[in-house]
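First comes the structure, then the notes that go with it.
The values are calculated or read from the model by the stated rules, or taken from the named source; none is laboratory data. Since we're looking at a predicted model, the values are computed, not measured. Neighbour counts run over all protein chains shown; Cβ positions are idealised from the backbone, glycine included. Each accessible area value is taken on the protein alone, full model and side chains, heavy atoms only, with ligands, DNA and RNA left out. Shrake-Rupley method; radii C 1.70, N 1.55, O 1.52, S 1.80 Å.
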Amino acid sequence: MTENPIFKRTSIRQWTNEPVSDEQILNILKAGMQAPSAMNSQPWQFIVVTNPELKKKLSEVSPYSHFAANAPVLLAVICRKENTCPPYNAIDMGICIENLLLEATAQNLGAVCLGVAPLTDRMEYLADVLNLDDSVEPYALIPVGHPAHESKVVDRFDESRITWIR
């Protein structure tokens, strides 16, 4: 397998206490902002959370996200509702999130995407905790940190899912 971050990326849910630098976080966010978007709409915004009490509250967004409180950093990925091409927000935000995850991997950090949108209860919970106004909506929560252990990457290539039309 190649050293490309795409082939090394895996979901990480346990981290060391080693801090993540502001420079690392900015590089991750820059990668997210490099994502292509419909009509260059760039619907994303980010909230970087390191406050322990707020991380704990955010980690309660779902029954499956409590581990996120232990991450050194939580990235709240927010979508601006009004932009040049709102019908494509879901696609654009997905591409942005994948860029974030790949850059975290490239920096030897571990991350996982915790889905928030389109589940209304989760979106409302994060909007309330983060005190967001109606012009934006929470999309995902990404815990980031130094992995506590090495994870085995699974090769997901499945040639049976490919149809060639020549």
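A few points about this structure:
- Solvent-accessible area per residue, Å², over the chain with all protein chains present [probe radius 1.4 Å]: 60 Å²
- Net +/- balance of residues flanking ARG122 in space, Cβ distance below 14 Å, scoring K and R +1, D and E -1: -4
- In plain terms, the chain from ALA148 to ILE91 could stretch by 17.4 nm, reckoned as 0.36 nm per residue minus the Cα-Cα distance.
- Cross-link partners of LYS57 among aspartates and glutamates (Cα-Cα below 17 Å; sequence separation of 8 or more within a chain): ASP121, GLU124, ASP128
- Cα centroid separation - the stretch 32-61 against the stretch 84-142, whole Å: 5 Å
- Taken one residue at a time, the phi angles of the stretch 36-48 give Karplus couplings (6.51, -1.76, 1.60, θ = phi - 60°) of x, 8, 4, 6, 6, 5, 6, x, 8, 9, 9, 10, 9 Hz. Gly and Pro are set to x.
- Inter-label distance for HIS66 and ASP155, nm, one decimal - labels placed 7 Å from Cα along Cα-to-Cβ: 3.7 nm
- Each helix, a run of at least 4 DSSP H residues, gives -39500 (n - 2.57); summed and divided by the residues of the chain, these come to -8500 deg cm²/dmol at 222 nm.
- With 24 Å as the limit, the listed pairs LYS56/LYS152; LYS30/LYS152; LYS8/LYS30 have LYS56/LYS152; LYS30/LYS152 beyond it between alpha carbons.
- Fraction of accessible area attributable to carbon and sulfur, the chain (%, probe 1.4 Å): 51 percent
- Counted residue by residue at 0.36 nm each, then reduced by the alpha carbon distance between them, the extension gain from GLU98 to GLU82 reaches 3.6 nm.
- Environment charge of SER151, counting only residues whose C-beta is closer than 13 Å and scoring Lys/Arg +1, Asp/Glu -1: +3
- Volume per residue for the chain equals 145 cubic angstrom (convex hull of Cα atoms).
- R0 of 41 Å, Cβ-Cβ distance ILE162-GLU124: FRET efficiency to nearest 0.05: 0.55
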